[in-house]
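Notes for the one structure printed next.
Quick note: the coordinates plus some simple rules give every number you see, no bench work behind them. In this text the structure is predicted, and so the values were computed from the model without any measurement. Heads up, the Cβs are rebuilt from the backbone with ideal geometry, glycines too, and the neighbour counts pull from every protein chain shown.
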């Protein structure tokens, strides 16, 4: 139980681990906890469109995919050229002795993209960046160079469902969800 409690405290620190996109783009990007939350939902969305997905396994992989960054920190595309991380040791140290030792093998499965669930989570991890870039664009932040750079991502996505989501991100506004929802303009006191 002590190791489980320690794990739960460590998970809480994920909200303080900043994603290193801030170094290049400046605006307020999601922290690792916020990123992981949306990755889980993106992965579930992809899984609903794919066949034969074990959603329990999928969610476990989504929840752990960046958890090791509580110990290793986030490494971006530039710093990856200069940094050596020991992800396997971090995952071992996080989960050994807890009720969640199975996460060690699930992390290795994710790292190796050895299952459909692992590939879906990697797709979701990639797509979250594109959602955030669309949100930054809608705020008026100039991220166009990054949007263009990210066009390469569509070629690296594993599932057809993720490719369809990626294409939809490019065509839609981050504000569509609330502008088209029941609101005071279309259903409330301001409706014409």
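Table for the structure above
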| item | result |
| --- | --- |
| Nearest-ten-degree value, helix 55-64 long axis tilted from longest Cα axis of the chain | 80 degrees |
| Ranked by how many other beta carbons lie within 10 Å on average, peptides 152-160, 17-25 from highest | 17-25, 152-160 |
| For the chain: relative contact order, % (alpha-carbon pairs under 8 angstrom, 6 or more apart) | 21 percent |
| Efficiency of FRET between residue 168 and residue 101 - r from beta-carbon atoms, R0 41 angstrom, step 0.05 | 0.60 |
| FRET efficiency, residue 183 to residue 139 (Cβ-Cβ, R0 25 Å, nearest 0.05) | 0.80 |
